[in-house]
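What follows is a short report on a single structure.
The values are calculated or read from the model by the stated rules, or taken from the named source; none is laboratory data. Computed from a prediction, not measured in an experiment: that's the story for all the values here. Glycine also receives a Cβ, built like all others from the backbone with ideal geometry; neighbour counts cover every protein chain displayed.
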C-alpha cells in the first residue's frame with residue numbers, strides 16, 4: 001500500500017512504438033465488411049464475364065463465378081464476425 005502513495009514512483013505506461021501501418025479502421029473506415037462482401041461478388045462476376053468471353057460459354061461461367069463470389073463474401077463476413085466476437089470476449093465487462 002505504501003507503494004501506491006509514493007510520490008517518486010512513476011507508474012506511467014511505456015509509450016507504444018510508432019508503426020508505419022495505420023490501424024485497419026483508419027484505412028477502410030467502418031464500411032470494410034460491406035465493401036469486402038460487395039467486392040467479392042463483383043470480382044466473381046468479372047471473372048465469369050471474362051471467362052465467358054474467352055470460352056464462349058455465355059451465361060454459365062458468369063453464373064458460376066458470381067455464386068462463388070457470393071460464397072466467398074459470406075465466408076469473409078463470417079470470419080470478420082468471429083474476430084469481432086473474440087475481441088468482445090477479451091474486453092472487460094462492466095455489469096451493473
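Numbers below:
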quantity: Tabulated pairs, the stretch 54-83, first without any contact (Cβ under 8 Å) to a residue 24 or more places away in the chain, second part of a helix (DSSP H, G or I) and exposed (fewer than 11 other Cβ atoms within 10 Å of the Cβ), C-beta under 9 angstrom, 6+ apart or interchain; calculated: 61/54; 61/55
quantity: Matching entry among 4, 9, 58 (being touching a helix residue (DSSP H, G or I) at 6+ places or on another chain (Cβ under 7 Å), over 27 Å from residue 76 (Cβ atoms) and at pLDDT below 60); calculated: 9
